[in-house]
1. With A69, A39 as the choices, which residue is in contact with a His (Cβ under 8 Å, 6 or more places away or on another chain) and at pLDDT below 95?
2. Would you confirm, using the coordinates I've provided, whether S166 is modelled with pLDDT under 90 and either of a type in the set (G, A, S) or surrounded by 13 or more Cβ atoms within 10 Å (Cβ to Cβ) (or both)?
3. Answer with yes or no whether L27 is aliphatic (A, V, I, L, M), in contact (Cβ under 8 Å) with a residue 24 or more places away in the chain and in a helix (DSSP H, G or I).
4. Restricting to the range 1-31, give me the number of residues that are surrounded by 14 or more Cβ atoms within 10 Å (Cβ to Cβ) and under 22 Å from W55 (Cα atoms).
5. Confirm whether M53 is in contact with a Leu (Cβ under 6 Å, 6 or more places away or on another chain), surrounded by 14 or more Cβ atoms within 10 Å (Cβ to Cβ) and over 30 Å from F160 (Cα atoms).
6. Return the residues of the range 36-48 that are exposed (fewer than 15 other Cβ atoms within 10 Å of the Cβ) and of a type outside the set (K, R); say none if nothing qualifies.
7. Tell me whether the range 33-47 contains one or more residues that are in contact (Cβ under 8 Å) with a residue 60 or more places away in the chain, among the hydrophobic types (A, V, I, L, M, F, W, C) and either over 22 Å from V142 (Cβ atoms) or part of a helix (DSSP H, G or I) (or both).
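The values are calculated or read from the model by the stated rules, or taken from the named source; none is laboratory data. The model shown is predicted, which means the values in this text are computed figures rather than measured ones. Every residue, glycine as well, gets a Cβ built from its backbone with ideal geometry; the counts of neighbours run over all protein chains shown.
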Amino acid sequence: MQWIIKLDEGLARLSNFCGWVACVAMLLMAGNVFYDVVARYAFNEVSIGMQEMEWHLYSVVFLFGIPYALRTDGHVRVDVLYTKWSNKTKAWVNLTGALVFVVPFAYLIGLYGYDFALDSYSMGEGSGDPGGLPYRWIIKAVIPVSAFFIAMAGLNMATFALRVMSGEKQYAGEHSAGGLA
């Protein structure tokens with residue numbers, strides 16, 4: 001059982017790292033939007049590259065926020081039913097959901113996302129707009145990278161569920177700060 005604890009804690013650190021990346025990208029995006037607004041309304045300047053950077057950063061926030069949301073139990077589910085279940089029932093639901101849905105879905109995202117990014121790189125794809133960002137493959141490469149972290153977060157859901165089933169851990173209650181205990 002000790003190896004599951006180590007694996008669970010290591011996977012949790014990966015998911016927390018993804019949360020940190022998403023947080024930094026969110027701060028950068030807020031600064032970027034602030035710059036765009038000031039430049040547009042105070043100086044009548046528009047930067048297509050900075051506008052494109054907004055959706056690139058938003059993509060990073062979203063794609064790296066998913067593994068963190070899975071780790072902290074911040075994802076969407078039917079909580080009307082879930083909150084009434086025992087910890088062991090919740091653990092079985094999470095274990096099944098992680099292994100049947102999250103990990104295979106992440107595999108498919110990674111598989112198709114890799115080809116998507118590789119095609120973009122091979123074509124030398126850039127922005128179609130003058131002044132836009134040149135290397136579109138970079139943001140497209142975030143898709144398979146984030147798929148890897150989503151799969152790791154799914155495995156983390158599974159290892160945590162196993163720890164709950166063993167009685168070592170439990171899921172946070174309704175009145176806690178949220179997330180996992």
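1. A69
2. Criteria met by S166.
3. Judged against the criteria, L27 is not a match.
4. The total comes to 11.
5. In short, no.
6. Within the range 36-48, V37, V38, A39, Y41, A42, F43, N44, E45, V46, I48 qualify.
7. For the range 33-47, residues in contact (Cβ under 8 Å) with a residue 60 or more places away in the chain, among the hydrophobic types (A, V, I, L, M, F, W, C) and either over 22 Å from V142 (Cβ atoms) or part of a helix (DSSP H, G or I) (or both): absent.
Here is a yes/no grid of residues against (1) under 20 Å from the mean Cα position of the chain (by Cα); (2) crowded, with 18+ Cβ neighbours inside 10 Å; (3) part of a helix (DSSP H, G or I); (4) free of Cβ contacts under 8 Å to residues at least 60 places away in the same chain:
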{"site": "Y58", "(1), (2), (3), (4)": "yes, no, yes, yes"}
{"site": "T89", "(1), (2), (3), (4)": "no, no, yes, yes"}
{"site": "L95", "(1), (2), (3), (4)": "yes, yes, yes, no"}
{"site": "L99", "(1), (2), (3), (4)": "yes, no, yes, yes"}
{"site": "A106", "(1), (2), (3), (4)": "yes, yes, yes, yes"}
{"site": "P130", "(1), (2), (3), (4)": "no, no, no, no"}
